[in-house]
Amino acid sequence: MIKSLKRMCYIVAGLTLFVFMQTLAVYCFAEDYPGKWYGWYCPLIDPIKDQALYSPPAFQNQTIIDAWGYKAKPVEEIKDLIPEGFFQMVAHPEIWGDIRINETKFIPREQWPGEHSKLVIEATKKNKGTATVDEKGHIRNFKNGVPFPGSENPTEIAWNMIKGLNWGQELEVDMITAIIDSKGSMRFSKYYFQNFCFNGRVFGDNKPNYLPNPNNYDVMTAYLFREPSDLRGMVSLNYRYDDPDKEDDSWMYITSLRRVRRMSTAQRWDRLPGGNDISYDNATGFYGKPTNYEWLYLGRKELLVGHNPSYELQMLKDKPGGGVNNKEYQRVNTVVVAYVPKITATISRGVLYLDPDSYICYYCENYDKRGKLWIFFNHMWEPHEDGNACPSSYLTVDVQRVHSSSNYIFGLWQDTPAATLKGVTPENMVMDKLKGIAGAR
């Protein structure tokens, strides 16, 4: 009897291992990444079959001018052209994995296809000089476009980043986050992110402001978690107001409790669920309320950045440096600003490296309370045929504990398609409806 049970256990274990290995085989680099040192190892989606980009990437198959890092020139040659945190990652593949930096031609936004970037550029020129910042650091008289083009005032630069519509005026992205530790252990989360802007709009009848807006909203934001099973149905919902004296209203539906809990401003630096390295206020570098921070202008710095990369999801199997393993970079004279929290936060300051025209954030550095580099971001903002850009691959790392959260966008709808096809509207961005979309129990 005991021998039979042992034999049965061996058979079950063998079948389990076979199924597991077959699952990995489906997502190995040999299938979709021939000859590459990276691939796709997440069983939650198929990166080809499940891809749902409403607007195709604009600049695929770029010609490489030069390359550094893995099987290329020594990364020391470009030490001054990338942030120190990223240099240390590329210089130490034994810790982070193999990364190559490919330089390609810089393509100005004026040469991008589609309507979005053209409309933002036109609005920026038309409305230059109309927006102001009041004594509390809040933006006033803003219409649309980039409100303070060319400014060296750090608070105005912060508003340029927030109001530049770099995500689109409506947005839904479907994402995978690969969470990897120093030993190469991997786990994954799958979620939707929605964003709706009430102000600064360039499309549709409701421009530059969405009306009616009796509550004076500025932005609505939601995270809807689908995987893993213990997070399925969890929803984080945030309403931000166009008012420096009114803090965000934030709620979290917690699946295990089947209850909605209100969040406070003190939780803006809580990490996203599932072991993530990203917090609510540092998503894509900074997504907080500018009036909750002191801002400093640090000057300009030419860097190799993801201004017009191509689209490809790149994952490492057993190292935490995945997401940007073989990407295209362009030289940009970035605008550098720092922010210091006035609210409760786990960091002492953040440093942002921004585009001088769109104010997209390419790199972000967060420093701990001792002043040491802690969290580092690298965002690859690839342009799309509709004129939008999106960081479909970006790397977030905790450099102190050698841990990463690489984000991969496989579904993307921006502007009108997000509203009409995915229902990203104020009427739908309420907790009861979002719980249904997320599959809440």
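The values are calculated or read from the model by the stated rules, or taken from the named source; none is laboratory data. This is a predicted model, so every value here is computed, not measured. Glycine also receives a Cβ, built like all others from the backbone with ideal geometry; neighbour counts cover every protein chain displayed.
Below are the figures for this structure:
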| item | result |
| --- | --- |
| Subset tally (residues that are within 25 Å of residue 308 (Cβ to Cβ) and either surrounded by 16 or more Cβ atoms within 10 Å (Cβ to Cβ) or not assigned by TED's automatic domain parsing to the domain that holds residue 164 (or both)) for region 116-150 | 13 |
| Close pairs from region 253-271: first assigned by TED's automatic domain parsing to the domain that holds residue 224, partner aromatic (Phe, Trp, Tyr), Cβ under 6 Å, at least 6 apart | 260/251; 260/253; 262/251; 268/280 |
| Some residue of region 408-423 being crowded, with 21+ Cβ neighbours inside 10 Å, of a type in the set (S, T, N, Q) and either under 23 Å from residue 222 (Cα atoms) or outside the structural domain of residue 209 (by TED's automatic domain parsing) (or both) | yes |
| Residue check, residue 276 modelled with pLDDT under 95 and buried (at least 21 other Cβ atoms within 10 Å of the Cβ) | no |
| Residue match in region 313-325 (condition: part of a loop (DSSP other than H, G, I, E, B), farther than 30 Å from residue 184 by Cα, assigned by TED's automatic domain parsing to the domain that holds residue 150 and in contact (Cβ under 8 Å) with a residue 40 or more places away in the chain) | no |
| Flag for residue 306 being in contact (Cβ under 8 Å) with a residue 40 or more places away in the chain, closer than 30 Å to residue 63 by Cβ, in contact with a Lys or Arg (Cβ under 8 Å, 6 or more places away or on another chain) and surrounded by 17 or more Cβ atoms within 10 Å (Cβ to Cβ) | yes |
| Region 398-422 residues that are at positive phi, paired with ones that are among the hydroxyl-bearing types (Ser, Thr, Tyr) (beta carbon under 6 Å, 6 or more apart) | 402/182 |
| Single unsatisfied condition, residue 414 versus (1) closer than 30 Å to residue 185 by Cβ; (2) under 20 Å from the mean Cα position of the chain (by Cα) | (1) |
| Any pair with Cβ under 6 angstrom, 6 or more apart, that starts in region 125-145 at a residue that is without any contact (Cβ under 8 Å) to a residue 24 or more places away in the chain and ends at one that is acidic (Asp, Glu) | 140/134 |
| Unique match (being at negative phi and more than 19 Å from the chain's Cα centre (by Cα)) among 237, 304, 296, 313 | 296 |
| Matching residues, region 210-231, being within 21 Å of residue 169 (Cβ to Cβ) and either among the hydroxyl-bearing types (Ser, Thr, Tyr) or touching a Gly at 6+ places or on another chain (Cβ under 8 Å) (or both) | 210, 217, 221, 223 |
| Residue pairs meeting the criteria (Cβ under 6 Å; at least 6 apart or on separate chains; first farther than 21 Å from residue 321 by Cβ, in region 94-120; second buried (at least 17 other Cβ atoms within 10 Å of the Cβ) and of a type in the set (Ser, Thr, Tyr)) | 109/117 |
| Candidate set: region 220-231, residues that are farther than 18 Å from residue 407 by Cα and at pLDDT below 95; chosen: the one surrounded by the most Cβ atoms within 10 Å (Cβ to Cβ) | 230 |
| Cβ-Cβ under 6 Å pairs, at least 6 apart or on other chains, region 376-393 side assigned by TED's automatic domain parsing to the domain that holds residue 408 and surrounded by fewer than 24 Cβ atoms within 10 Å (Cβ to Cβ), far side of a type in the set (Asp, Glu) and in a strand (DSSP E or B) | 376/365 |
